[in-house]
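Data first, discussion second: the structure below is written as structure tokens.
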Amino acid sequence: MSALLEVRDLKVHFPVRRGVLQRQVATVRAVDGVSFDVEEGSTLGLVGESGCGKSTTARAILRLVEPTGGSVKLGGADIVALKPGELRKKRRDMQMVFQDPYASLNPRMTVFDTLAEPLLTHGLVKDKAEVEKRVRELMSQVGLSGAYMRRYPHEFSGGQRQRIGIARAIALHPKLVLLDEPVSALDVSIQAQIINLLMDLQQSLGLTYVFVAHDLAVVRHVCAEIAVMYLGRIVERAPAKELFVTPRHPYTKALLSAIPIPDPEVERKRKRLVLVGEVPSPLNPPAGCHFHPRCPSAEDRCKTEVPKLRELAPGVTAACHLAD
């Protein structure tokens, strides 16, 4: 299959300004040279600790945050190079489901108004009857009754609100949907329902997903491939099954060792890889490999040489001098 989304050397840097003249005194390197492809109809998981740049990467792909450099191609068109009018039309092909279902919906708009707005903005409906019919269809697709369309967001639970957010995202028949931790704000009992809904919609509508998450158990269930981020860079990428069985990067190994195992006997016997120290600030990232201050296997060259993403096996890449 061909790649629907091609991200090359994507950078998002935020200037830090101080003083009366607001001079730039530093730069926050939130995303620092990220590259990946996502095949049509598949799901790529972006994982890492809070502050690693995964959500900023997702927002930069949609240009909700303006990239500092690099290119983002969706179906061959470079999103970064599009002018405002062209970008507005292209937004039909790419949508986002946000993390917080309580903050992502306008409290003053009914469900009907929320779902009708993109349809009317892009001219996909002709009259009121067609709008209402389409809104009912969207609500049905996400497991909600059309009888609730005149209600406001505060009248719904968190899981129901996230379903409304998903309905809004698929309203324009997009090719790509970015999911920014879509279940992390929900109760555990509801998370599985939303994940199953997303997988059903992907199959029925042929959607391509970029799934941002910090919960590796969720990512393992949903994603075909996983890219692990650390301090603005991708440090490892592999098929989900391969990554969980044979992690190559020390940071990936540490993340996996933090996942609790439900069997107390196995949990007691297994060896934990506990990282020391805190995640460095993107204001002043370490030289060489960003991970070397916390890496248990770091050598002298790790402190000065930036490791490149190397292919270690078919479909498996890692940015580590010592990985094999």
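Considering every residue within the range 82-102, establish whether at least one is in contact with a Lys or Arg (Cβ under 9 Å, 6 or more places away or on another chain), assigned to a strand (DSSP E or B) and on the phi > 0 side of the Ramachandran plot. No; the residues of the range 82-102 include none that is in contact with a Lys or Arg (Cβ under 9 Å, 6 or more places away or on another chain), assigned to a strand (DSSP E or B) and on the phi > 0 side of the Ramachandran plot. Counted as qualifying within the range 157-252 are the strands (runs of 3 or more DSSP E) with 1 or more residues that are surrounded by fewer than 19 Cβ atoms within 10 Å (Cβ to Cβ), namely 233-239. Being farther than 25 Å from M199 by Cβ, under 19 Å from the mean Cα position of the chain (by Cα) and either of a type outside the set (D, E) or assigned to a loop (DSSP other than H, G, I, E, B) (or both) is a property that V38 lacks.
Counting the residues of the range 86-112 that are free of Cβ contacts under 8 Å to residues at least 24 places away in the same chain and more than 17 Å from K73 (Cα to Cα) gives 1. Among residues of the range 38-66 that are on the phi > 0 side of the Ramachandran plot, those with a beta-carbon under 8 Å from a residue that is among the acidic types (D, E) at least six positions away or on a different chain give the pairs G53/D32.
Looking at A81, is it over 23 Å from A185 (Cβ atoms), surrounded by fewer than 16 Cβ atoms within 10 Å (Cβ to Cβ) and free of Cβ contacts under 8 Å to residues at least 60 places away in the same chain? Yes; evaluated as a whole, the condition is true for this residue. Could you go through the range 94-112 and let me know if any residue there is farther than 30 Å from S145 by Cβ and of a type in the set (K, R). Checked the range 94-112: no residue is farther than 30 Å from S145 by Cβ and of a type in the set (K, R). When you look at K241, is it modelled with pLDDT of 90 or more and of a type outside the set (A, V, I, L, M), yes or no? Yes, satisfied. Among the residues examined, K128 does not qualify as of a type in the set (D, E, K, R), surrounded by fewer than 21 Cβ atoms within 10 Å (Cβ to Cβ) and modelled with pLDDT of 95 or more.
Which residues, taken from the range 284-312, are under 28 Å from D37 (Cβ atoms), among the aliphatic types (A, V, I, L, M) and either modelled with pLDDT under 90 or in contact with a Phe, Trp or Tyr (Cβ under 6 Å, 6 or more places away or on another chain) (or both)? If the condition is that a residue be under 28 Å from D37 (Cβ atoms), among the aliphatic types (A, V, I, L, M) and either modelled with pLDDT under 90 or in contact with a Phe, Trp or Tyr (Cβ under 6 Å, 6 or more places away or on another chain) (or both), then no residue fits.
Here the condition is being under 15 Å from A103 (Cβ atoms) and not aliphatic (A, V, I, L, M); of R151, R161, it holds for R161 alone. Based on what the data block shows, is G158 more than 24 Å from D9 (Cα to Cα) and touching a Pro at 6+ places or on another chain (Cβ under 6 Å)? The answer is yes for G158.
The values are calculated or read from the model by the stated rules, or taken from the named source; none is laboratory data. This is a predicted model, so every value here is computed, not measured. Cβ atoms come from the backbone with ideal geometry, glycine included; neighbour counts cover every protein chain shown.
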